[in-house]
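The next block holds one structure in the form of structure tokens; read it before the comments.
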Amino acid sequence: MLKTDILVVGTGIAGLFFAIKTAMKRKDLSITIMTKDFAEVSNTQFAQGGIAAVLNTLEDSFEQHIDDTIRAGGGCSDKEVVRMVVEQAPERLYELIGLGVHFDTVNKGYDLALEGGHSHKRILHHGDTTGEEVERALLATVMSLSNITILEKHTVIDLVVENKTCVGAFYFTPDNRIHYTRFRTLVLSTGGCGQLFKHTTNPAIATADGIAIAYRAGAEIADMQYIQFHPTALYEPGKNPSFLLTEALRGYGAHIVNHEGKRFLFQTDSRGELATRDIVSGAIGEEFRKSGKNCVFLDCRHLDKETFAVHFPAILAYCKSIKLDPFTDLLPITPVAHYQCGGIVVNKNAQSSVNGLYAIGECARTGLHGKNRLASNSLLEAVVYAHQAAQAVCNSIDGTCLCTNGYINKYGIIPGKLHENQISILKKKLQETLQKFYLEGLPESHVTEIIAELKKQAFALYNSLTVSLKLIEILNMLTVAGIIVKQAKNGLSEPYLSENYCN
Ligand SMILES: Cc1cc2nc3c(=O)[nH]c(=O)nc-3n(C[C@H](O)[C@H](O)[C@H](O)COP(=O)(O)OP(=O)(O)OC[C@H]3O[C@@H](n4cnc5c(N)ncnc54)[C@H](O)[C@@H]3O)c2cc1C
């Protein structure tokens, strides 16, 4: 049986930064990172715009970043958490730079960009591929640390909680087997839930596994109804994930126009294109209702070609690959599911309500985002909470020999056929249902009924089929869909009691 002091689940910015900080401070501890795909496959890899931090204190201030964050979150953020994250931002950013992350510079300083909802230019970025750069540098550092092991294509399925403490996990390997491991501490950094929706910017891995796993372990989950829809995904029907046209484009001066070529956002908010995502997405939705159309447009035609190409090379290349020219064409856009503001409830040390179970990054609900995340605050939250968790774990974990129990025979391997096709049908139905729930007002009671029926069908597959990654994912997605709809109905965060699909 695999033995590790610390098991980290996920190789995005949160998991990698936590592992690096912990491994450097506690060389006596072994750290294993499991990830269900290849190491670089994550939401982090897709991040375009950058990371928010107040570095220019002549024009900007912590107070203004704090105000912008709270305003974006509809006044529902935890003020102490916002202050902690904003005040730590410069230190954590310099740590990332120390680990080899390159951010664009100008005139011997960092080239700070503007994004919607920010009152100042404060976004550090690497062109329009910031996430890829972060992932590259962090993975390279992880590879150089001898006390960290990465296990790719290892999917964590469920946790074992003994005496209210998380002590073990089941995981699924590429040879279709389920294994069991024990550890002292578990860190979930499993990212978001975008794949629950028909249209999303999130890659295929974003199936909310961490939320479902923590929920079944009895952890408190909150604010899952606050799904952020990003207003400017490229409209390409049938494409999953949708290609994002970063917020930074609007900060750079791009306009949003309707089918008549008219800007319409100022009717909703005096900041126009620079309003927060929830407001811009809402205004676009209203435009859809009025016009009966499925998209509006991002207009970049008036922007300077040369600097555009320098700042947004990946977007330019993608547009050209589908025969769109941002300098002559209007770019069709639509709001799509982008970010999960809620998640596993954690305190300021990233500790969940279950002992030994930490959650960081997008799967955690820290209280920073309230109802709606401010642009470029997510990568920031991930590094701050990875740091907090690393400190807490390094200070509390002891160095005594790891206790190991034998394998718990919880999962039977039932020989049967893989019916990926049937699972795809369930997934598609779920994605369409949640999309309609959020964007077309499909009644909650109807959505609940559909989810219950899909769950029944998924359990039937679970009882008759060989366990597969797709089956694990659809069960998690249905569990989390149920939580989202229930929390949306209640309008309030409430803890959910564990319901274990395996018993
Ligand atoms: C297109 C796009 C652009 C974005 N741009 C920005 C931006 O500019 N600035 C910003 O702040 N934020 C941005 N975001 C949001 C930000 O990228 C994410 O919130 C952040 O990267 C999440 O990091 P994470 O480490 O929590 O999770 P992720 O990076 O999503 O990593 C999750 C990891 O968990 C693994 N995993 C999941 N389930 C399991 C399981 N059961 N077993 C094993 N492994 C598992 C996955 O394989 C993956 O390795 C963007 C997001 C997208 C999709």
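The values are calculated or read from the model by the stated rules, or taken from the named source; none is laboratory data. Owing to the predicted nature of the structure, the values given are computational and were not obtained by experimental measurement. Cβ sites come from the backbone with ideal geometry, for glycine too, and all protein chains shown count toward neighbours.
Residue 435: part of a helix (DSSP H, G or I), under 23 Å from the mean Cα position of the chain (by Cα), at pLDDT 90 or above and closer than 24 Å to residue 359 by Cβ, yes or no? Judged against the criteria, residue 435 is not a match. For residue 71, the criteria (1) under 22 Å from the mean Cα position of the chain (by Cα); (2) within 16 Å of the ligand (Cβ to nearest atom) hold in every case but one, which is (2). It is to be established whether one or more residues within the stretch 95-111 are free of Cβ contacts under 8 Å to residues at least 24 places away in the same chain and aromatic (Phe, Trp, Tyr). Scanning the stretch 95-111, I find no residue that is free of Cβ contacts under 8 Å to residues at least 24 places away in the same chain and aromatic (Phe, Trp, Tyr), so the answer is no.
Within the stretch 62-69, is even one residue surrounded by fewer than 18 Cβ atoms within 10 Å (Cβ to Cβ), touching a residue at least 40 places away in the same chain (Cβ under 8 Å) and outside any helix (DSSP H, G or I)? Taking every residue of the stretch 62-69 in turn, none turns out to be surrounded by fewer than 18 Cβ atoms within 10 Å (Cβ to Cβ), touching a residue at least 40 places away in the same chain (Cβ under 8 Å) and outside any helix (DSSP H, G or I).
Give the residue that is farthest from the ligand (Cβ to nearest atom), with candidates limited to residues of the stretch 20-29 that are of a type outside the set (Asp, Glu) and assigned to a loop (DSSP other than H, G, I, E, B).
By that ranking, first place goes to 27.
The sole residue among 256, 205, 227, 213 that is buried (at least 21 other Cβ atoms within 10 Å of the Cβ), within 9 Å of the ligand (Cβ to nearest atom) and farther than 19 Å from residue 45 by Cβ is 213.
Checked against (1) under 17 Å from residue 379 (Cα atoms); (2) in contact with a strand residue (DSSP E or B) (Cβ under 8 Å, 6 or more places away or on another chain); (3) more than 15 Å from the ligand (Cβ to nearest atom), residue 90 passes all but a single condition, namely (2).
Quick one: count up the residues across the stretch 439-450 that are crowded, with 19+ Cβ neighbours inside 10 Å and either touching a residue at least 60 places away in the same chain (Cβ under 8 Å) or farther than 21 Å from residue 338 by Cα (or both). Step through it out loud before you land on a result.
Initially, the stretch 439-450 is screened for residues crowded, with 19+ Cβ neighbours inside 10 Å, giving 439, 447, 450.
Checking which are either touching a residue at least 60 places away in the same chain (Cβ under 8 Å) or farther than 21 Å from residue 338 by Cα (or both) leaves us with 439, 450.
So the answer is 2.
Here residue 99 passes the criteria (1) farther than 21 Å from residue 209 by Cα; (2) crowded, with 20+ Cβ neighbours inside 10 Å; (3) not acidic (Asp, Glu) except the one numbered (2). With in contact (Cβ under 8 Å) with a residue 60 or more places away in the chain and within 22 Å of residue 153 (Cβ to Cβ) as the only criterion, which of 27, 36 stands out? The match here is 36.
Scanning the stretch 30-58 for residues that are more than 14 Å from the ligand (Cβ to nearest atom) and modelled with pLDDT of 95 or more, which turns out surrounded by the most Cβ atoms within 10 Å (Cβ to Cβ)? Working first, answer last.
Taking the stretch 30-58 and keeping what is more than 14 Å from the ligand (Cβ to nearest atom), we get 30-31, 54-58.
Applying the additional criterion that residues be modelled with pLDDT of 95 or more yields 30-31, 54-55.
Values: 30: 19, 31: 26, 54: 21, 55: 16.
Ranking the candidates gives 31 first.
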